[in-house]
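> Questions regarding the structure given below will be posed in turn.
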Amino acid sequence: MAAKLIKGAEVAAQIREELKKEVEELKAKHNVTPGLVTILVGENPASVSYVTAKQKTSHELGFYSIQDSQPADITEAALLALIDKYNKDPKIHGILIQLPVPKHIDSNKVLLAIDPNKDVDAFHPVNVGRILIGNYVFLPCTPAGCQELINRSYGDPKGKEVVVVGRSNIVGKPMVAIMIQKLQGANATVTCVHTGTPKDKLIEHCRRADILVVAAGVPEYVQGDWIKEGCCVIDVGVNRVGISEKTGKAILKGDVHFESCAAKASYITPVPGGVGPMTITMLMKNTVMAAKAAAGLIKI
Ligand code: NAP
(Lines give C-alpha, C1' and ligand atoms only; values in the text may rest on other atoms or scores of the structure.)
Protein backbone atom coordinates (compact mmCIF):
# COMPACT_ATOMS: atom_id res chain seq x y z
CA MET A 1 0.00 0.00 0.00
CA ALA A 2 1.43 3.38 -1.00
CA ALA A 3 -1.18 5.64 0.58
CA LYS A 4 -1.02 6.96 4.12
CA LEU A 5 -4.09 6.01 6.14
CA ILE A 6 -6.16 8.93 7.39
CA LYS A 7 -7.15 7.70 10.83
CA GLY A 8 -10.43 9.38 11.69
CA ALA A 9 -10.36 8.36 15.34
CA GLU A 10 -6.96 10.03 15.86
CA VAL A 11 -8.00 13.25 14.10
CA ALA A 12 -11.29 13.28 16.03
CA ALA A 13 -9.41 12.84 19.34
CA GLN A 14 -7.13 15.74 18.41
CA ILE A 15 -10.14 18.00 17.66
CA ARG A 16 -11.84 16.96 20.92
CA GLU A 17 -8.69 17.96 22.84
CA GLU A 18 -8.83 21.38 21.14
CA LEU A 19 -12.54 21.68 21.97
CA LYS A 20 -11.96 20.71 25.61
CA LYS A 21 -9.51 23.61 25.98
CA GLU A 22 -11.97 25.94 24.25
CA VAL A 23 -14.76 24.87 26.63
CA GLU A 24 -12.51 25.46 29.66
CA GLU A 25 -11.69 28.92 28.35
CA LEU A 26 -15.35 29.70 27.61
CA LYS A 27 -16.26 28.76 31.18
CA ALA A 28 -13.37 30.61 32.83
CA LYS A 29 -13.35 33.79 30.75
CA HIS A 30 -16.98 34.18 29.69
CA ASN A 31 -18.99 32.09 32.15
CA VAL A 32 -20.44 30.16 29.19
CA THR A 33 -21.00 26.39 29.32
CA PRO A 34 -22.02 24.86 25.96
CA GLY A 35 -25.37 23.08 26.39
CA LEU A 36 -26.62 20.20 24.27
CA VAL A 37 -29.90 18.28 24.41
CA THR A 38 -30.28 15.02 22.53
CA ILE A 39 -33.91 14.04 22.02
CA LEU A 40 -34.66 10.39 21.41
CA VAL A 41 -38.14 9.18 20.48
CA GLY A 42 -38.66 5.45 21.10
CA GLU A 43 -36.03 2.82 21.74
CA ASN A 44 -34.53 1.92 18.37
CA PRO A 45 -31.27 0.17 19.45
CA ALA A 46 -29.09 1.93 16.86
CA SER A 47 -30.52 5.33 17.87
CA VAL A 48 -30.02 4.54 21.57
CA SER A 49 -26.35 3.75 20.92
CA TYR A 50 -25.87 6.94 18.84
CA VAL A 51 -27.35 9.24 21.50
CA THR A 52 -25.44 7.43 24.26
CA ALA A 53 -22.18 8.07 22.38
CA LYS A 54 -23.12 11.74 21.83
CA GLN A 55 -23.95 12.19 25.51
CA LYS A 56 -20.72 10.50 26.61
CA THR A 57 -18.63 12.80 24.41
CA SER A 58 -20.46 15.94 25.49
CA HIS A 59 -19.92 15.04 29.17
CA GLU A 60 -16.22 14.38 28.50
CA LEU A 61 -15.90 17.84 26.97
CA GLY A 62 -17.52 19.50 29.99
CA PHE A 63 -20.82 20.46 28.35
CA TYR A 64 -24.12 20.95 30.15
CA SER A 65 -25.84 17.96 28.63
CA ILE A 66 -29.36 16.54 28.72
CA GLN A 67 -30.61 13.25 27.31
CA ASP A 68 -34.38 13.61 26.82
CA SER A 69 -35.96 10.23 26.02
CA GLN A 70 -39.58 10.24 24.92
CA PRO A 71 -41.92 7.28 24.34
CA ALA A 72 -42.44 6.08 20.76
CA ASP A 73 -46.12 7.13 20.94
CA ILE A 74 -45.44 10.79 21.82
CA THR A 75 -47.72 12.96 19.67
CA GLU A 76 -46.25 15.28 17.05
CA ALA A 77 -47.72 18.27 18.93
CA ALA A 78 -46.07 17.19 22.17
CA LEU A 79 -42.70 16.73 20.45
CA LEU A 80 -42.98 20.17 18.82
CA ALA A 81 -43.82 21.67 22.23
CA LEU A 82 -40.75 19.98 23.72
CA ILE A 83 -38.53 21.45 20.98
CA ASP A 84 -40.06 24.86 21.66
CA LYS A 85 -39.17 24.49 25.35
CA TYR A 86 -35.51 23.87 24.46
CA ASN A 87 -35.55 26.67 21.86
CA LYS A 88 -36.39 29.02 24.75
CA ASP A 89 -33.94 27.51 27.27
CA PRO A 90 -30.85 29.78 27.45
CA LYS A 91 -28.73 26.97 28.91
CA ILE A 92 -29.25 24.89 25.75
CA HIS A 93 -27.25 25.93 22.67
CA GLY A 94 -27.66 22.80 20.56
CA ILE A 95 -30.75 20.65 19.94
CA LEU A 96 -30.33 17.28 18.30
CA ILE A 97 -33.30 15.12 17.36
CA GLN A 98 -32.06 11.59 16.77
CA LEU A 99 -33.53 10.44 13.45
CA PRO A 100 -35.52 8.54 12.38
CA VAL A 101 -38.63 9.56 14.31
CA PRO A 102 -41.70 7.24 14.30
CA LYS A 103 -43.84 7.36 11.15
CA HIS A 104 -46.76 9.26 12.77
CA ILE A 105 -44.42 12.25 13.20
CA ASP A 106 -43.47 14.44 10.22
CA SER A 107 -39.66 14.62 10.43
CA ASN A 108 -39.60 17.77 8.25
CA LYS A 109 -41.91 19.59 10.67
CA VAL A 110 -39.67 18.52 13.53
CA LEU A 111 -36.47 19.75 11.85
CA LEU A 112 -38.14 23.05 10.90
CA ALA A 113 -39.25 23.57 14.51
CA ILE A 114 -35.66 23.78 15.80
CA ASP A 115 -34.33 27.32 16.22
CA PRO A 116 -31.78 27.58 13.35
CA ASN A 117 -29.27 29.05 15.83
CA LYS A 118 -29.51 25.80 17.85
CA ASP A 119 -29.64 23.48 14.83
CA VAL A 120 -26.29 21.77 15.43
CA ASP A 121 -26.97 19.17 12.71
CA ALA A 122 -27.21 22.09 10.20
CA PHE A 123 -30.17 20.52 8.37
CA HIS A 124 -32.56 23.49 8.77
CA PRO A 125 -33.14 25.35 5.45
CA VAL A 126 -31.89 28.57 7.06
CA ASN A 127 -28.55 26.90 7.76
CA VAL A 128 -28.46 25.32 4.29
CA GLY A 129 -28.91 28.85 2.89
CA ARG A 130 -26.27 30.28 5.22
CA ILE A 131 -23.78 27.72 3.90
CA LEU A 132 -24.61 28.57 0.29
CA ILE A 133 -23.93 32.27 0.85
CA GLY A 134 -20.78 31.49 2.83
CA ASN A 135 -22.02 33.11 6.05
CA TYR A 136 -22.40 30.17 8.38
CA VAL A 137 -21.64 29.10 11.90
CA PHE A 138 -22.38 25.38 11.56
CA LEU A 139 -21.69 22.86 8.84
CA PRO A 140 -23.39 19.45 8.55
CA CYS A 141 -21.28 17.03 10.56
CA THR A 142 -20.25 14.46 7.94
CA PRO A 143 -18.98 16.82 5.19
CA ALA A 144 -17.47 19.08 7.86
CA GLY A 145 -15.59 16.03 9.13
CA CYS A 146 -14.34 15.33 5.60
CA GLN A 147 -13.07 18.90 5.32
CA GLU A 148 -11.12 18.51 8.57
CA LEU A 149 -9.64 15.18 7.42
CA ILE A 150 -8.51 16.72 4.10
CA ASN A 151 -6.94 19.78 5.71
CA ARG A 152 -5.23 17.90 8.53
CA SER A 153 -3.73 15.19 6.28
CA TYR A 154 -3.44 16.08 2.58
CA GLY A 155 -3.33 19.82 3.29
CA ASP A 156 -5.00 23.00 2.06
CA PRO A 157 -7.39 22.23 -0.83
CA LYS A 158 -7.03 25.77 -2.23
CA GLY A 159 -6.71 25.62 -6.02
CA LYS A 160 -7.02 21.82 -6.09
CA GLU A 161 -9.45 19.81 -8.20
CA VAL A 162 -12.05 18.28 -5.90
CA VAL A 163 -14.49 15.74 -7.30
CA VAL A 164 -17.49 14.71 -5.20
CA VAL A 165 -19.30 11.50 -6.15
CA GLY A 166 -22.93 11.79 -4.96
CA ARG A 167 -25.27 14.74 -4.42
CA SER A 168 -27.35 13.89 -1.34
CA ASN A 169 -28.58 16.72 0.85
CA ILE A 170 -26.61 15.47 3.85
CA VAL A 171 -23.25 14.68 2.24
CA GLY A 172 -22.66 15.38 -1.48
CA LYS A 173 -24.31 18.81 -1.89
CA PRO A 174 -22.97 20.34 1.35
CA MET A 175 -19.51 18.91 0.54
CA VAL A 176 -19.60 20.85 -2.75
CA ALA A 177 -20.84 24.00 -0.96
CA ILE A 178 -18.08 23.74 1.66
CA MET A 179 -15.24 23.18 -0.80
CA ILE A 180 -16.17 26.09 -3.13
CA GLN A 181 -16.14 28.68 -0.33
CA LYS A 182 -13.63 31.50 -0.70
CA LEU A 183 -12.37 30.62 2.77
CA GLN A 184 -9.38 29.06 4.47
CA GLY A 185 -9.57 25.25 4.22
CA ALA A 186 -11.60 25.36 1.00
CA ASN A 187 -11.32 27.54 -2.17
CA ALA A 188 -11.07 24.48 -4.45
CA THR A 189 -12.34 23.86 -7.98
CA VAL A 190 -15.24 21.48 -7.45
CA THR A 191 -17.07 19.02 -9.71
CA CYS A 192 -19.99 16.88 -8.58
CA VAL A 193 -20.85 13.63 -10.37
CA HIS A 194 -23.94 11.49 -9.82
CA THR A 195 -26.26 9.03 -11.55
CA GLY A 196 -26.95 11.65 -14.24
CA THR A 197 -23.27 11.61 -15.22
CA PRO A 198 -22.48 9.01 -17.92
CA LYS A 199 -20.15 6.40 -16.45
CA ASP A 200 -17.27 7.14 -18.86
CA LYS A 201 -17.49 10.87 -17.99
CA LEU A 202 -17.71 10.07 -14.29
CA ILE A 203 -14.47 8.09 -14.51
CA GLU A 204 -12.81 10.93 -16.50
CA HIS A 205 -13.76 13.40 -13.75
CA CYS A 206 -12.49 11.07 -11.02
CA ARG A 207 -9.16 10.73 -12.84
CA ARG A 208 -8.67 14.53 -12.71
CA ALA A 209 -9.29 14.77 -8.96
CA ASP A 210 -6.56 15.84 -6.56
CA ILE A 211 -9.11 15.15 -3.83
CA LEU A 212 -11.88 12.61 -4.40
CA VAL A 213 -14.80 12.47 -1.96
CA VAL A 214 -17.05 9.48 -2.54
CA ALA A 215 -20.56 9.33 -1.06
CA ALA A 216 -22.58 7.15 -3.43
CA GLY A 217 -23.72 4.31 -1.17
CA VAL A 218 -22.40 1.71 -3.64
CA PRO A 219 -19.94 -0.79 -2.12
CA GLU A 220 -16.43 -0.68 -3.63
CA TYR A 221 -17.62 1.45 -6.55
CA VAL A 222 -14.55 3.59 -7.30
CA GLN A 223 -11.68 1.51 -8.66
CA GLY A 224 -7.93 2.14 -8.51
CA ASP A 225 -7.69 2.77 -12.26
CA TRP A 226 -10.25 5.61 -11.94
CA ILE A 227 -7.99 7.75 -9.76
CA LYS A 228 -4.91 9.90 -10.22
CA GLU A 229 -1.55 8.87 -8.77
CA GLY A 230 -0.98 10.72 -5.49
CA CYS A 231 -4.55 11.91 -4.97
CA CYS A 232 -6.38 12.03 -1.65
CA VAL A 233 -9.38 9.69 -1.33
CA ILE A 234 -12.10 10.35 1.24
CA ASP A 235 -14.49 7.40 1.37
CA VAL A 236 -17.76 8.37 3.08
CA GLY A 237 -19.55 5.13 2.21
CA VAL A 238 -20.64 2.68 4.88
CA ASN A 239 -22.20 -0.40 3.31
CA ARG A 240 -23.13 -3.56 5.20
CA VAL A 241 -22.26 -6.37 2.79
CA GLY A 242 -22.70 -9.41 5.05
CA ILE A 243 -22.10 -10.84 8.49
CA SER A 244 -18.71 -12.12 9.59
CA GLU A 245 -18.85 -15.82 10.56
CA LYS A 246 -15.95 -15.23 12.95
CA THR A 247 -17.30 -12.25 14.93
CA GLY A 248 -21.01 -12.29 14.09
CA LYS A 249 -20.67 -8.57 13.30
CA ALA A 250 -21.58 -6.75 10.06
CA ILE A 251 -18.91 -6.66 7.35
CA LEU A 252 -18.54 -3.03 6.29
CA LYS A 253 -17.28 -1.80 2.92
CA GLY A 254 -16.78 1.73 1.73
CA ASP A 255 -17.73 3.19 -1.65
CA VAL A 256 -14.12 2.80 -2.79
CA HIS A 257 -12.25 -0.37 -3.71
CA PHE A 258 -9.72 0.05 -0.92
CA GLU A 259 -6.77 -2.09 -2.05
CA SER A 260 -6.56 -0.80 -5.63
CA CYS A 261 -7.12 2.85 -4.60
CA ALA A 262 -4.68 2.69 -1.66
CA ALA A 263 -1.99 1.47 -4.09
CA LYS A 264 -2.23 4.75 -6.06
CA ALA A 265 -3.43 7.45 -3.67
CA SER A 266 -1.20 9.46 -1.32
CA TYR A 267 -3.86 9.54 1.41
CA ILE A 268 -6.95 7.40 1.93
CA THR A 269 -9.59 6.94 4.64
CA PRO A 270 -10.30 3.36 5.72
CA VAL A 271 -13.84 2.04 6.26
CA PRO A 272 -14.52 1.71 9.12
CA GLY A 273 -12.29 4.15 10.99
CA GLY A 274 -12.07 7.04 8.51
CA VAL A 275 -14.93 9.51 8.14
CA GLY A 276 -17.24 7.74 10.63
CA PRO A 277 -15.44 8.70 13.89
CA MET A 278 -15.50 12.39 12.89
CA THR A 279 -19.27 12.86 12.93
CA ILE A 280 -19.90 13.12 16.70
CA THR A 281 -16.85 15.32 17.16
CA MET A 282 -18.15 17.77 14.55
CA LEU A 283 -21.50 17.85 16.37
CA MET A 284 -19.60 18.88 19.50
CA LYS A 285 -17.76 21.55 17.54
CA ASN A 286 -21.09 22.90 16.27
CA THR A 287 -22.41 23.07 19.85
CA VAL A 288 -19.37 25.06 20.97
CA MET A 289 -19.87 27.41 17.99
CA ALA A 290 -23.57 27.80 18.89
CA ALA A 291 -22.66 28.66 22.49
CA LYS A 292 -20.11 31.23 21.32
CA ALA A 293 -22.64 32.77 18.93
CA ALA A 294 -25.32 32.91 21.64
CA ALA A 295 -22.83 34.71 23.91
CA GLY A 296 -22.06 37.23 21.15
CA LEU A 297 -18.46 36.01 20.87
CA ILE A 298 -18.91 35.28 17.15
CA LYS A 299 -21.42 36.72 14.70
CA ILE A 300 -24.29 34.55 13.49
P1 NAP B 1 -27.79 8.79 -0.68
O2 NAP B 1 -28.74 9.75 -0.08
O3 NAP B 1 -28.26 7.46 -1.10
O4 NAP B 1 -27.10 9.51 -1.94
C5 NAP B 1 -26.21 8.82 -2.77
C6 NAP B 1 -25.80 9.74 -3.89
O7 NAP B 1 -24.91 9.02 -4.72
C8 NAP B 1 -26.97 10.19 -4.75
O9 NAP B 1 -26.78 11.55 -5.08
C10 NAP B 1 -26.86 9.30 -5.99
O11 NAP B 1 -27.23 9.95 -7.18
C12 NAP B 1 -25.38 9.02 -6.06
N13 NAP B 1 -25.11 7.72 -6.66
C14 NAP B 1 -25.66 6.53 -6.34
N15 NAP B 1 -25.18 5.57 -7.15
C16 NAP B 1 -24.32 6.17 -8.00
C17 NAP B 1 -23.54 5.71 -9.08
N18 NAP B 1 -23.53 4.43 -9.44
N19 NAP B 1 -22.78 6.63 -9.73
C20 NAP B 1 -22.80 7.92 -9.38
N21 NAP B 1 -23.53 8.40 -8.38
C22 NAP B 1 -24.27 7.54 -7.69
O23 NAP B 1 -26.57 8.53 0.30
P24 NAP B 1 -25.83 9.47 1.38
O25 NAP B 1 -26.72 9.67 2.54
O26 NAP B 1 -25.20 10.62 0.73
O27 NAP B 1 -24.68 8.46 1.85
C28 NAP B 1 -23.72 7.99 0.96
C29 NAP B 1 -22.89 6.92 1.64
O30 NAP B 1 -22.24 7.51 2.77
C31 NAP B 1 -23.69 5.76 2.21
O32 NAP B 1 -22.92 4.59 2.14
C33 NAP B 1 -23.89 6.13 3.67
O34 NAP B 1 -24.08 5.01 4.50
C35 NAP B 1 -22.61 6.82 3.96
N36 NAP B 1 -22.68 7.82 5.04
C37 NAP B 1 -21.70 7.75 5.98
C38 NAP B 1 -21.67 8.68 7.00
C39 NAP B 1 -20.56 8.61 8.01
O40 NAP B 1 -20.63 9.23 9.05
N41 NAP B 1 -19.48 7.89 7.72
C42 NAP B 1 -22.64 9.67 7.09
C43 NAP B 1 -23.62 9.73 6.09
C44 NAP B 1 -23.61 8.80 5.06
P45 NAP B 1 -28.72 10.48 -7.50
O46 NAP B 1 -28.85 11.76 -6.73
O47 NAP B 1 -28.71 10.71 -8.94
O48 NAP B 1 -29.64 9.40 -7.02
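The values are calculated or read from the model by the stated rules, or taken from the named source; none is laboratory data. Remember, predicted model here, so these are calculated numbers, not experimental data. All Cβ positions, glycine included, derive from the backbone under ideal geometry; neighbour counts span all protein chains shown.
> Return yes when Val163 is touching a Leu at 6+ places or on another chain (Cβ under 8 Å), within 16 Å of the ligand (Cβ to nearest atom), in contact (Cβ under 8 Å) with a residue 12 or more places away in the chain and not in a loop (DSSP other than H, G, I, E, B) and no when it is not.
The answer is yes for Val163.
> Something else about it: Would you check if Ala113 is of a type in the set (Gly, Ala, Ser) and either farther than 20 Å from Gln55 by Cα or surrounded by fewer than 23 Cβ atoms within 10 Å (Cβ to Cβ) (or both)?
Taking the combined requirement at face value, the residue satisfies it.
> Additional query: Considering segment 9-62 alone, what residues qualify as being under 17 Å from the mean Cα position of the chain (by Cα), hydrophobic (A, V, I, L, M, F, W, C) and farther than 25 Å from Glu76 by Cβ?
Result: Ala9, Val11, Ala12, Ala13, Ile15, Leu19, Ala53.
> Residues being farther than 20 Å from Glu148 by Cβ, within 8 Å of the ligand (Cβ to nearest atom) and not basic (Lys, Arg): count how many of those fall in segment 169-199.
Of the residues in that region, 6 qualify.
> A further question on this structure: For Gly230, are the conditions met, namely being within 16 Å of the ligand (Cβ to nearest atom) and part of a loop (DSSP other than H, G, I, E, B)? Break it down into steps so the answer makes sense when it comes.
Details: within 16 Å of the ligand (Cβ to nearest atom): no; part of a loop (DSSP other than H, G, I, E, B): yes.
No.
> Does segment 172-203 hold any residues that are surrounded by 15 or more Cβ atoms within 10 Å (Cβ to Cβ) and assigned to a helix (DSSP H, G or I), and which are they?
Gly172, Lys173, Pro174, Met175, Val176, Ala177, Ile178, Met179, Leu202, Ile203
> Does segment 209-224 contain any residue that is polar (S, T, N, Q) and near the ligand (Cβ under 10 Å from one of its atoms)? Don't jump to the end; show me each part of the working.
Our first condition is that a residue be polar (S, T, N, Q); within segment 209-224, this holds for 223.
Within this subset, residues satisfying the condition of being near the ligand (Cβ under 10 Å from one of its atoms) are none.
No, there is no match, as no residue in segment 209-224 is polar (S, T, N, Q) and near the ligand (Cβ under 10 Å from one of its atoms).
> Note down all Cβ pairs under 7 Å where the first residue falls in segment 257-276 and is away from the ligand (no atom under 11 Å from the Cβ), the second is among the aliphatic types (A, V, I, L, M) and assigned to a helix (DSSP H, G or I), and they're at least six residues apart or on different chains.
Ile268/Ala262
> Filter segment 201-242 down to the residues that are modelled with pLDDT of 95 or more and basic (Lys, Arg) and list them by number.
Lys201, Arg207, Arg208, Lys228, listed by residue number.
> Tell me the residue from Glu259, Glu245 that is farther than 23 Å from Pro140 by Cα, at pLDDT below 95, acidic (Asp, Glu) and loosely packed, with under 14 Cβ neighbours inside 10 Å, please.
The conditions single out Glu245.
> Can you go through Leu132, Leu149 and tell me which one is over 27 Å from Val41 (Cα atoms), modelled with pLDDT under 95 and of a type outside the set (D, E, K, R)?
The conditions single out Leu132.
> Can you tell which of Asn87, Asn127 is in contact with an Asp or Glu (Cβ under 8 Å, 6 or more places away or on another chain) and crowded, with 21+ Cβ neighbours inside 10 Å? Spell out how you get there, then give the answer.
Details: Asn87 fails: crowded, with 21+ Cβ neighbours inside 10 Å.
Answer to the selection: Asn127.
> Can I ask one more? Does at least one position in segment 280-288 carry a residue that is more than 26 Å from Asp156 (Cβ to Cβ), touching a Phe, Trp or Tyr at 6+ places or on another chain (Cβ under 7 Å) and more than 16 Å from the ligand (Cβ to nearest atom)? Write out each step before concluding.
Of the residues in segment 280-288, the ones more than 26 Å from Asp156 (Cβ to Cβ) are 287.
Then keep just the ones that are touching a Phe, Trp or Tyr at 6+ places or on another chain (Cβ under 7 Å); that gives 287.
Subset that is more than 16 Å from the ligand (Cβ to nearest atom): 287.
Within segment 280-288, one or more residues are more than 26 Å from Asp156 (Cβ to Cβ), touching a Phe, Trp or Tyr at 6+ places or on another chain (Cβ under 7 Å) and more than 16 Å from the ligand (Cβ to nearest atom).
> Ok, one more. Would you say Ala291 is more than 11 Å from the ligand (Cβ to nearest atom), crowded, with 24+ Cβ neighbours inside 10 Å and among the small types (Gly, Ala, Ser)?
yes
> Report, by residue number, each residue of segment 274-292 that is aliphatic (A, V, I, L, M), under 22 Å from Ile170 (Cβ atoms) and touching a helix residue (DSSP H, G or I) at 6+ places or on another chain (Cβ under 8 Å).
Passing the criteria: Val275, Met278, Ile280, Met282, Leu283, Met284, Val288, Ala290.
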